[in-house]
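The values are calculated or read from the model by the stated rules, or taken from the named source; none is laboratory data. It should be emphasised that the depicted structure is a prediction, and the values quoted were computed from it without experimental measurement. Ideal geometry is used to build each Cβ from the backbone, glycine not excepted, and the neighbour counts take in all protein chains shown. Surface areas here come from the heavy atoms of the whole protein model, side chains and all, with no ligands, DNA or RNA. Shrake-Rupley method; radii C 1.70, N 1.55, O 1.52, S 1.80 Å.
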Amino acid sequence: MTSTNQSQSKTSQNRQTATFLDGIRAVAFDAVGTVMYPAPSVAAAYGAAIRRHLGIEVSQETVAKTVRTALSKRSAAKDLRTSESIEHEFWADLVREFCGSADGFEDCFDELFAHFGNAKNWKCFDDVQAALSKFHELGFVCAIASNFDLRLNSVCDGLPPLSSIDHRIISSTVGWRKPAPEFFAAISDRLQLPPKDILMVGDDLNNDVLGAVAAGMPVAWLCRTDAPPIDLPDNAIRVSSLVELTQLLGQQSNIAMPRQTERHSG
């Protein structure tokens, strides 16, 4: 492709992005994998706890594969209803995958459940603080919209970049997990905006992208890796960082809804 054709193609893409983002008044962020990540990793934390409490050696590769499979299967299930008790039992069953109900299971599970509810075991991605500051400066309403349980509140409260986000939509209190349309309806209800005015930002193609698209919500797929290009729905774009997204939104001339300061969780 010649430099002229490349320039024309880029101009066309910019126009499409401008049209796509026009009218956005709020941004809803997925949590894990989008704005925060576990440190140490899930695989490392599980391996250490299982070794300590049950004397069983489980490789990090095995843990990572088992967790990915369990989460993927769960998102593909027909029944996406959830609650605090359902979330608790899901994670207990996952630990049982590695050790059954052997002596030490309860202590192992309790430690892991508490571990992932402690903010010191999570970190924000490097671009989060600057990006969120820019979103707030531009006047966008911001929300966390996550498949999680009430532990997410203590995690967000302990991570300064996330503690300032005004709204938290958490699946265990909504009663539905992404990609259920009821979850995205809850985002719209909480923000008191139609789906078309809310941009969903997430790293999961099934839960975040396809779920939001089906609910009539535009999406920014956050892909921090060099994954090959894929075809996305018309109302979805791909970005490599949150800073890139702030630049795209900052180019729009729409007036965002004034940011609300009252904190809402659930």
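The single condition among (1) among the polar types (S, T, N, Q); (2) out of contact with any strand residue (DSSP E or B) (no Cβ under 9 Å at 6 or more places or on another chain); (3) in a helix (DSSP H, G or I) that Ser188 does not satisfy is (2).
Annotation: of all residues in region 134-150 being part of a loop (DSSP other than H, G, I, E, B) and more than 17 Å from the chain's Cα centre (by Cα), the one that is surrounded by the fewest Cβ atoms within 10 Å (Cβ to Cβ) is Gly139. Residue under question is Thr225, and the condition is that it be among the hydroxyl-bearing types (Ser, Thr, Tyr) and modelled with pLDDT of 95 or more; does it hold? Answer is no for this residue. Filtering region 105-118 to residues that are of a type in the set (Gly, Ala, Ser) and either exposed (fewer than 15 other Cβ atoms within 10 Å of the Cβ) or over 19 Å from Glu87 (Cα atoms) (or both) leaves only Ala114. Exactly one residue among Phe135, Phe125 is of a type in the set (A, V, I, L, M, F, W, C) and either over 25 Å from Leu193 (Cα atoms) or free of Cβ contacts under 8 Å to residues at least 24 places away in the same chain (or both), and that residue is Phe125. Just one of the listed residues (Ala131, Ala102, Ala44, Ala70) is open to solvent by 20 Å² or more (accessible area, probe 1.4 Å), within 18 Å of the chain's Cα centre (by Cα) and among the hydrophobic types (A, V, I, L, M, F, W, C), and it is Ala70.
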